[in-house]
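K.L.:
Dropping the structure in here first, questions after.
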Amino acid sequence: MILGRSAPILFSLGRAYGSTVEIKHDGARDALIGEFDDGTSISDPLQSRDMNPALFVFGAVAIGFASGLRAFTPIALVTWVAVWGWVPLGGSRLAFLGTTAGALVVSFLALAELIGDKLPFAPSRLSPGPLGGRLLTASLAAAAMAIATGQSWILGVLCGAIGSVGGAFAGFHLRRNIVTRLRITDWIIAVLEDIFTIALVLLVLALLF
């Protein structure tokens, strides 16, 4: 269920004036209905995002691509946006991503990854474990966005997974080639990659939400 911007205002009015306000769900759209003390009734469809499918696919693939660069950073940002209510996941199977506890756990993993990525013994992102982790987190992040925008979670998982594989291979080879050809210290490129990843995720969230 995606609450429109009018919902918090109307709930506040209901509390202030002793009105009855409730949410009804008809399977396709959510509606905010109720009655004020003077008999005035309200019926306000809650926000139902008529998302352009092409825009969603772009966003899901981009989130997947970012997950291919950094496995936990994109999903960490998605979880915090969900906690703040901008990516509503309540009642879904991914509701745990919208909890403070879930966001803290994922953020800890993201921070550990950002530090570990700079270490000389960090495993290749193309090895089975890290690549599988990227597939998983990308699928979860993209599925969360699909649920929040009323799109198919299956489409989200597929787009996220495809994007993560592309991001993992592109990030690995591009970073190695830049370091080799320009003779730049690897951690400098790694930090730039961190910044690019965060910027890409924030751009996608701004476009979709």
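K.L.:
Among Phe58, Phe36, which is modelled with pLDDT under 90 and of a type in the set (Phe, Trp, Tyr)?
P.N.:
Of the residues listed, the single one that is modelled with pLDDT under 90 and of a type in the set (Phe, Trp, Tyr) is Phe36.
K.L.:
Has region 108-118 got any residue that is under 13 Å from the mean Cα position of the chain (by Cα) and at pLDDT 95 or above?
P.N.:
no
K.L.:
Open to solvent by 50 Å² or more (accessible area, probe 1.4 Å) and in contact with an Asp or Glu (Cβ under 9 Å, 6 or more places away or on another chain) - does that describe any residue in region 156-166?
P.N.:
No; the residues of region 156-166 include none that is open to solvent by 50 Å² or more (accessible area, probe 1.4 Å) and in contact with an Asp or Glu (Cβ under 9 Å, 6 or more places away or on another chain).
K.L.:
Here is a follow-up. Right, Gly102: assigned to a helix (DSSP H, G or I), surrounded by 15 or more Cβ atoms within 10 Å (Cβ to Cβ) and without any contact (Cβ under 8 Å) to a residue 24 or more places away in the chain or not?
P.N.:
Yes: the conditions hold for Gly102.
K.L.:
Checking Ala101 against (1) closer than 26 Å to Pro123 by Cβ; (2) at pLDDT 95 or above; (3) not charged (D, E, K, R), which single condition isn't satisfied?
P.N.:
Condition not satisfied by Ala101: (1).
K.L.:
If you go through region 167-199 one residue at a time, how many are open to solvent by 30 Å² or more (accessible area, probe 1.4 Å) and either within 15 Å of Asp117 (Cα to Cα) or in a helix (DSSP H, G or I) (or both)?
P.N.:
Within region 167-199, residues that are open to solvent by 30 Å² or more (accessible area, probe 1.4 Å) and either within 15 Å of Asp117 (Cα to Cα) or in a helix (DSSP H, G or I) (or both) number 22.
K.L.:
Just give me the residues in region 55-87 being open to solvent by less than 10 Å² (accessible area, probe 1.4 Å), outside any helix (DSSP H, G or I) and of a type in the set (Gly, Ala, Ser), in sequence order.
P.N.:
The one that is open to solvent by less than 10 Å² (accessible area, probe 1.4 Å), outside any helix (DSSP H, G or I) and of a type in the set (Gly, Ala, Ser): Ala71.
K.L.:
Moving on. For region 127-138, which positions are surrounded by fewer than 24 Cβ atoms within 10 Å (Cβ to Cβ) and assigned to a helix (DSSP H, G or I)?
P.N.:
Pro128, Gly129, Pro130, Leu131, Gly132, Gly133, Leu135, Leu136, listed by residue number.
K.L.:
Go through the residues of region 142-152 one by one and say whether even a single one is exposed (fewer than 15 other Cβ atoms within 10 Å of the Cβ), part of a helix (DSSP H, G or I), more than 13 Å from the chain's Cα centre (by Cα) and not basic (Lys, Arg).
P.N.:
Residues of region 142-152 that are exposed (fewer than 15 other Cβ atoms within 10 Å of the Cβ), as a first pass: 152.
Going one step further and asking which of them are part of a helix (DSSP H, G or I), we end up with none.
No, the conditions are met nowhere in region 142-152.
K.L.:
Out of Gly160, Gly150, Gly166, report the one residue that is touching a Ser or Thr at 6+ places or on another chain (Cβ under 6 Å) and touching a residue at least 60 places away in the same chain (Cβ under 8 Å).
P.N.:
Only one candidate qualifies: Gly160.
The values are calculated or read from the model by the stated rules, or taken from the named source; none is laboratory data. The structure displayed is predicted, hence computed values, not measured ones. Ideal geometry is used to build each Cβ from the backbone, glycine not excepted, and the neighbour counts take in all protein chains shown. In case anyone asks, the SASA skips ligands and DNA or RNA and just uses the protein heavy atoms, side chains included. Shrake-Rupley method; radii C 1.70, N 1.55, O 1.52, S 1.80 Å.
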